[in-house]
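Scroll down for the structure; my scribbles are underneath it.
Values quoted throughout were computed directly from the atomic coordinates according to the rules given, and no laboratory measurement underlies them. Bear in mind the structure is a predicted one, so any value in this text is a computation, not a measurement. Here Cβ is always computed from backbone atoms with ideal geometry, including for glycine, and neighbour counts include all displayed protein chains.
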Amino acid sequence: MTQRILVTGGAGFIGSAVIRYLINHSHHQVACLDKLSYAGNMDSLDPVADSVRYGFYHVDICDACSLDRVFSDFRPTIVMHLAAESHVDRSIDGPAQFIHTNIVGTYTLLESARRYWSTLEPRYQKAFRFHHISTDEVFGDLGGTDDLFSETTSYDPSSPYSASKASSDHLVRAWYRTYGLPVIVTNCSNNYGAYHFPEKLIPHMILNALSGKPLPVYGDGSQIRDWLYVEDHARALVMVATEGKIGETYNIGGHNEKKNLEVVETICDLLQEIVPPGNYPHLKWASASEVKHYRELITFVKDRPGHDVRYAIDASKIQRELGWVPRESFESGIRKTVQWYLDNPRWWQRVLSGEYQLGRLGEQA
Ligand code: NAD
C-alpha cells in the first residue's frame with residue numbers, strides 16, 4: 001500500500017537520509033516538515049527535490065495552527081517524528097531551546113496528530129501510525145559494565161538533551177495509553193555518515209584534520225559509543241514505521257562499539273591513506289608546525305560535564321521481529337563517510353560559510 005509519510009525534521013541529518021531512502025527505495029508520498037533551524041539544510045534534500053512524490057512544509061512543530069493545516073492538507077497515513085534539538089554540547093550551554101522543541105514541540109505535534117486522527121474513519125484510524133524517533137541516550141550510562149540497553153532498560157538520562165528526549169518518549173507513550181493514538185518508538189545509538197552537520201564528532205574531526213587544526217578529544221577519549229551508519233538507520237526506521245507493531249519500542253544499534261579516541265584515530269589513518277597532510281585542495285592548511293601524520297593533531301581537552309562513559313544497544317528485537325540487521329560495519333561505513341566529505345566540499349563549504357541558510361524555501365507541498 002502506498003503511504004503518505006510526513007517526516008518532521010526532514011532537513012536534518014537523519015531525516016534527510018530517511019527522505020532520500022523513501023524516494024529512492026519506495027513508492028510512498030513524502031512530505032518534509034521542518035523549521036530549518038541551524039541544523040536544517042535543504043542542500044541535503046537536493047538529490048530528491050525534483051521528485052513528484054516529495055514536498056516541503058516550512059513549519060515549526062511548536063506552531064499548532066500550522067501543524068493542523070499541514071495535517072489537513074497532506075493527510076498523512078504515517079508521521080515519522082525526527083524534529084528535535086540534537087546536539088548535547090548545545091543543550092549544556094542553553095537547555096531552554098531543548099525543552100521547548102523536544103518536549104513542548106512533541107506535545108504540540110502529538111495533539112495536532114490526535115486532532116487529525118480523531119476525524120479519520122475507523123479503518124484509517126487503525127492504519128495510522130505516529131513513529132517517534134529517539135535516542136539510546138535516554139537510558140543513561142552503562143559505565144564500565146558489559147551490559148546492553150534493551151527495550152525494557154529504565155530511563156536515566158544525564159544531559160539536558162537526553163532528559164528532553166526522555167520526556168518526549170514518555171509523552172508519546174502516554175498518548176498511546178491515554179488516547180489510543182497508534183504510536184511506535186525507536187531508540188537508536190550514535191549515527192554517522194554523509195550530510196552530517198560539521199559540529200558533530202566525525203565530520204568535525206575530518207574537516208579539522210584536513211585543515212591541519214587540532215583534533216580535540218574529550219577527557220582521555222575512552223568513552224564508548226555504538227556507531228550506526230545513517231543509511232542503515234534510515235532503512236530500519238522505514239521498516240518500523242511501515243511494519244512495526246503499534247505500542248511497541250524497538251532499539252536500533254550497529255553492533256559497533258568504539259572508543260571516541262579509536263574513532264578519531266581511524267579517521268586519521270584513513271585520511272593518511274587517501275590524502276596525506278597538507279594535500280587536500282579544498283581547505284587551507286592551518287597548522288604552524290610540520291605534521292607527518294594526522295594523528296599528531298590529536299589533543300585531549302577537558303571532559304564534558306555529565307559525560308556518559310558507555311552506550312551500547314541490544315538490537316535483537318528488531319532483528320527477530322522485523323528482520324533488520326545493519327549492512328555496514330564501522331570499517332566500511334567510516335571509509336564511505338570520509339570519502340564522501342572528501343568528494344563533496346560544496347556541501348560542507350556552504351555549511352561552514354553559512355550560505356546554506358540563505359534563500360530558504362517557503363512552503364512548497
Ligand atoms: P539534526 O539536528 O541533524 O536535525 C534536526 C532537524 O529538526 C533539523 O532539520 C531542524 O531544522 C529540525 N527542527 C529543529 N527544531 C524544529 C522545530 N521546532 N520544528 C520543526 N523542525 C525543527 O538531528 P538528527 O541527528 O538528524 O536527529 C534526528 C532525530 O533522531 C532527533 O530526534 C534525535 O534525537 C534522534 N537521534 C539522533 C541520533 C544521532 O546520532 N544523530 C541518534 C539517535 C537518535
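Between Asp303 and Gly219, the built amide H atoms are under 5 Å apart, and every one of these is 5 or more places off in sequence or on another chain. Between Gln125 and Tyr155, what is the FRET efficiency for a Förster distance of 35 Å, r being their Cβ-Cβ separation, to the nearest 0.05? The calculated FRET efficiency here is 0.75. Among Cys65, Cys268, a tally of other beta-carbon atoms within 10 Å of each Cβ gives an order, fewest to most, of Cys65, Cys268.
Pairs Lys165/Lys245; Lys200/Lys245; Lys200/Lys336; Lys35/Lys165; Lys245/Lys336: which are spaced more than 25 Å apart, C-alpha to C-alpha? Checking Cα-Cα distances, Lys200/Lys245; Lys245/Lys336 exceed 25 Å.
For an R0 of 51 angstrom, estimate the FRET efficiency from the Cβ-Cβ distance between Phe300 and Ala49 and round to the nearest 0.05. The formula returns an efficiency of 0.75 here.
Considering the chain, its Cα convex hull presents a mean projected area of 17.5 nm². Under a 5 Å amide H cut-off, with hydrogens placed 1.01 Å from N, Tyr250 pairs with Val185, Thr186, Asn187 among residues at least 5 apart or on other chains.
Taking Leu33, Leu283, Leu82 in turn, the Gaussian network model of the chain (Cα-Cα springs below 10 Å) assigns the largest fluctuation to Leu283.
Could you work out the relative contact order of the chain, using alpha carbon pairs under 8 angstrom and six or more residues apart, expressed as a whole percent? Contact order relative to length: 19 percent. By the count of neighbouring beta-carbon atoms within 10 Å, fewest first, Thr337, Thr266 end up ordered Thr266, Thr337.
Each principal axis of the Cα cloud of region 232-365 was evaluated for its coordinate range; sorted largest first, these ranges are 57, 42, 33 Å. Taking the number of Cβ atoms within 10 Å of each Cβ as an exposure proxy, the fewest-first ranking of Tyr161, Tyr124, Tyr107 is Tyr124, Tyr107, Tyr161.
Other residues with beta-carbon under 10 Å from the beta-carbon of Gly105 carry, at +1 per Lys or Arg and -1 per Asp or Glu, a net charge of -2.
The helix-only estimate of mean residue ellipticity at 222 nm for the chain, built from DSSP H runs of length n ≥ 4 each weighted as -39500 (n - 2.57), is -11500 deg cm²/dmol after division by the residue total.
Amide H to amide H distances under 5 Å link Phe149 with Ala312, Ile313, Asp314, where only residues 5 or more positions off or on other chains count and H is placed in the peptide plane.
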